[in-house]
Amino acid sequence: MAGGWARDGAVSEQIEASVNDELARMQARAKPEGESLTHCADCEEPIPQARREAIPGVKLCIDCMQERDAAFRARPGFNRRGSKDSQLK
């Protein structure tokens with residue numbers, strides 16, 4: 001059910017487009033490549049063998065990776081429709 005001037009299925013298409021955009025952005029991120037390091041690139045602590053085998057090309061130990069992940073801030077969403085106020089101006 002669409003509301004206003006939107007055609008049927010427009011909201012679902014917007015949601016799907018947003019999800020596809022985010023998936024494409026995540027897949028485009030650089031993935032570890034090459035040989036794994038034996039010691040962390042940040043703190044020089046040894047990287048366990050199991051981690052090096054599980055993630056080829058790993059460069060950081062678990063603690064440094066967790067710190068980096070915690071510092072990550074998700075970017076804000078994107079409003080494809082705009083607000084009603086902007087449509088009335």
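The values are calculated or read from the model by the stated rules, or taken from the named source; none is laboratory data. If you're wondering where the values come from, they're calculated on a predicted model, not measured in any experiment. Virtual Cβ from ideal backbone geometry, glycine too; neighbours counted across all protein chains shown.
Would it be correct to say that E35 is in a loop (DSSP other than H, G, I, E, B), exposed (fewer than 12 other Cβ atoms within 10 Å of the Cβ) and at pLDDT 80 or above?
Values: in a loop (DSSP other than H, G, I, E, B): yes; exposed (fewer than 12 other Cβ atoms within 10 Å of the Cβ): yes; at pLDDT 80 or above: yes.
Taking the combined requirement at face value, the residue satisfies it.
For the range 8-32, what are the residues that are surrounded by fewer than 10 Cβ atoms within 10 Å (Cβ to Cβ) and of a type in the set (G, A, S)?
The answer is A24, A28, A30.
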